Amino acid sequence: MAAPGSGGTLLDALEELLAELPARMRGRRSRLSAQTSTFLRAVAEELDLVTRDDYEELELRVAQLEHRLRLLEGPRDLPPPPAA
């Protein structure tokens with residue numbers, strides 16, 4: 001931005017400010033988004049709410065355990081192995 005007394009006109013300073021505006025707004029928008037996300041995580045934690053990531057991780061773990069249990073139980077329609 002043109003410094004006072006540098007010979008730049010008010011119009012030049014305004015044009016420069018308007019050119020910088022989109023970049024400044026993107027920076028503020030991303031900071032606001034990060035702050036909002038941090039705030040919502042803190043609220044969810046304080047209320048003992050489950051996050052989507054935690055839920056999906058638990059859902060995957062349950063599916064893995066169910067699969068392992070089915071493997072351990074084996075097929076139900078086969079006769080037991082002969083006694084040795």
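The values are calculated or read from the model by the stated rules, or taken from the named source; none is laboratory data. Quick caveat: nothing in here was measured; it's all calculated off a predicted structure. Neighbour counts run over all protein chains shown; Cβ positions are idealised from the backbone, glycine included. These area figures cover heavy atoms from the full protein model, side chains too; ligands, DNA and RNA do not enter into them. Shrake-Rupley method; radii C 1.70, N 1.55, O 1.52, S 1.80 Å.
Out of contact with any Asp or Glu (no Cβ under 7 Å at 6 or more places or on another chain), part of a helix (DSSP H, G or I) and open to solvent by less than 100 Å² (accessible area, probe 1.4 Å): does that describe residue 16? Against the criterion (out of contact with any Asp or Glu (no Cβ under 7 Å at 6 or more places or on another chain), part of a helix (DSSP H, G or I) and open to solvent by less than 100 Å² (accessible area, probe 1.4 Å)), residue 16 qualifies. Would it be correct to say that residue 84 is open to solvent by 90 Å² or more (accessible area, probe 1.4 Å), modelled with pLDDT under 85 and not basic (Lys, Arg)? Criteria met by residue 84. The residues in the stretch 37-54 that are open to solvent by less than 70 Å² (accessible area, probe 1.4 Å) and modelled with pLDDT under 90 can be counted, and the count is 3. For beta carbons closer than 9 Å, sequence separation of 6+ or different chains, a first residue in the stretch 14-42 that is farther than 25 Å from residue 54 by Cα and a second that is surrounded by 10 or more Cβ atoms within 10 Å (Cβ to Cβ), the qualifying pairs are 16/1; 16/2; 16/8; 17/1; 20/1. From the set of residues in the stretch 61-81 that are at pLDDT 90 or above and open to solvent by less than 100 Å² (accessible area, probe 1.4 Å), which is farthest from residue 37 (Cα to Cα)? Of everything passing the filter in the stretch 61-81, 69 is farthest from residue 37 (Cα to Cα).
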